[in-house]
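**Q** A single structure is presented below for examination.
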Amino acid sequence: MTASPPRRGRWVALLLAAAALAGLVALPTWVRGTGASALEGAVTVQVTGAAAAPQVGGAALVLAAAAGALGLVARAGRVLVAVVAAGAGLLVAGAGVSVLRDPAGAVAGALADATGVPTAASTALTPWPAVALVLGAATVLLAAALLRAPGDWTRRSSRHDAPATRPARDGHEPDERDDWDALSRGDDPS
């Protein structure tokens, strides 16, 4: 017995949700920094998660691809998908830790663009790097749970396989007339 489509579908939905959350967590401002400019005085810049930690967006794409692959693979593929999802979760968590440890480094590029000087006089973190850290850890736990998921994952889904050829009936190969006859009976010959 194979893993039922709803069970596999739930795992796919969970990975897609993790991908969407990783993409969303990169959108808001993660760090605000203030620097000095010779022309404008104090300049404040806001750095989004996508700018402070671009790997979060990449991890979101990897999680989305893993979700798509999970719907098509068997047991070995499930293990590979779980390993890839765990790696993406570690990437998201690592991005959060990196910004939490060094907010001045995360805002340095934006300040250099705005003022010409990459040194921040002050920085302020928003909660989003911590959210990314928690989301990354939750994604790693999700990947670990996927490895231990119940059900028989020995067969991959055959949903997207080419249909099997129809056997010959009455001693002749099926042709387009047989297809029309099947349509007349209400059967779909494809």
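Every number in this text was worked out from the coordinates using simple rules, so none of it is lab data. Being a predicted model, the structure only gives us computed values, none of them experimental. Backbone-built Cβ (ideal geometry, glycine too); neighbour counts: all protein chains shown.
**Q** Express in nm, to one decimal, how much length is gained between E176 and S122 on full extension, taking 0.36 nm for each residue of separation and deducting their alpha carbon distance.
**A** Stretched fully, the E176-S122 segment lengthens by 11.8 nm.
**Q** With θ set to phi - 60° and the Karplus curve 6.51 cos²θ - 1.76 cosθ + 1.60, what are the ³J(HN,Hα) couplings of the stretch 81-94 in order, to the nearest whole Hz, using x for Gly and Pro?
**A** In residue order, the calculated couplings are 4, 5, 5, 5, 5, 5, x, 5, x, 5, 5, 5, 5, x Hz.
**Q** Per-residue counts of other Cβ atoms within 10 Å, averaged by peptide: what ranking do you get for 76-86, 58-68, highest first?
**A** Result, highest mean first: 58-68, 76-86.
**Q** Can you list residues from other chains, or at least 5 along the same chain, whose modelled amide H is less than 5 Å from the amide H of S37?
**A** Amide H neighbours of S37, under 5 Å, 5+ apart: A42, V43.
**Q** Taking amide H atoms as placed 1.01 Å from N in the peptide plane, list the residues 5 or more away in sequence, or in a different chain, whose amide H sits under 5 Å from that of S122.
**A** T34
**Q** Ok, one more. May I ask for the Rg/Rh ratio of the stretch 1-108, computed from Cα atoms with Rh as the Kirkwood radius, given to two decimals?
**A** 1.19
**Q** Which whole-Hz ³J(HN,Hα) couplings does the stretch 121-134 yield from phi under the Karplus relation 6.51 cos²θ - 1.76 cosθ + 1.60, θ = phi - 60°, glycine and proline marked x?
**A** For the stretch 121-134, the Karplus-derived couplings read 6, 8, 10, 9, 8, 9, x, 5, x, 5, 4, 5, 4, 5 Hz, x marking Gly and Pro.
**Q** From the backbone phi of the stretch 29-36, what are the Karplus-calculated ³J(HN,Hα) couplings (6.51 cos²θ - 1.76 cosθ + 1.60, θ = phi - 60°) in whole Hz, Gly and Pro given as x?
**A** Working through the residues one at a time gives 6, 9, 9, 10, x, 10, x, 9 Hz.
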